[in-house]
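A short worksheet on the structure shown next.
Just so you know, all these numbers are worked out from the coordinates, no wet-lab data involved. The shown structure was predicted, so the numbers you read here are calculated from the model rather than taken from an experiment. Cβ atoms come from the backbone with ideal geometry, glycine included; neighbour counts cover every protein chain shown.
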Amino acid sequence: MKRGKGKYMLIYFLVLFIQIFDNVLSCPASIPTISYVSYCPRSQAEWEKAAQRKNCESIAVIQNCTTRSKFQYHCLMNQWKNATLEVCAPIFYLQGYCAEYNVEIQQVAEIYDKGFECLKFPDIHKCPPRYPSSEAYKYQRCYRNIIKNLSTKKFTNR
């Protein structure tokens with residue numbers, strides 16, 4: 001009897017841990033900052049200009065997802081890979097894959113689909129084994145597989 005009870009307690013704590021861990025990674029403060037754009041910056045100068053316009057620093061002081069310095073401007077694909085969006089979000093360290101912003105889980109994520117493993121791209125397009133999501137613009141080949149939209153989307157908060 002005790003053995004079965006211990007098993008259920010372990011499962012309960014595992015589920016609880018997963019829920020807590022998921023909430024730690026998600027960042028609801030990012031959602032109001034989402035805006036769809038026709039393309040992402042292609043250079044550091046363009047990134048800096050877009051980041052200045054987006055002004056994530058003003059939100060970084062009031063959000064509670066991460067430290068102020070790690071809450072930065074991003075320009076990424078959405079999770080359906082049919083649009084690019086700008087968002088203020090915590091930096092996520094990618095492990096050799098292209099990045100997306102997943103609206104449903106409210107966080108930056110890696111794209112594990114075929115064709116998005118940037119570590120395997122040809123040399124001039126290759127990403128390092130580990131890089132911050134705020135530097136995704138450096139790997140333009142990641143954006144090449146975007147399915148083009150027929151109309152501009154707007155994000156609405158549920």
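Brief remarks on what is shown
- Distance histogram for segment 82-126 (every C-alpha pair counted, 5 angstrom bins, percent rounded to whole numbers): 5, 20, 27, 23, 18, 6, 1
- Diffusion coefficient of segment 20-150 by Stokes-Einstein, Kirkwood radius over Cα pairs, 20 °C, 1.002 mPa s: 146 µm²/s.
- For residue 103, the residues whose modelled amide H falls within less than 5 Å of its own, excluding neighbours fewer than 5 places apart on the same chain, are 79.
- Added length on full extension, which subtracts the Cα-Cα distance from 0.36 nm per residue, residue 130 to residue 95: 12.1 nm
- Each Lys and Arg contributes +1 and each Asp and Glu -1, all at the Cβ; summed about the Cα centre of segment 23-93, the dipole is approximately 40 debye.
- Computed label-point distance, nm, for sites residue 120 and residue 52 using a 7 Å Cα→Cβ extension: 4.0 nm
- Summarising the amide proton neighbourhood of residue 37: residues at separation of 5 or more, or on other chains, whose placed amide H is nearer than 5 Å comprise 84, 85, 86.
- Taking a straight line from the alpha carbon of residue 138, these aspartates and glutamates sit under 20 Å away, with near neighbours fewer than eight places off in the same chain left out: 46, 48, 86, 100, 110, 113, 117, 123.
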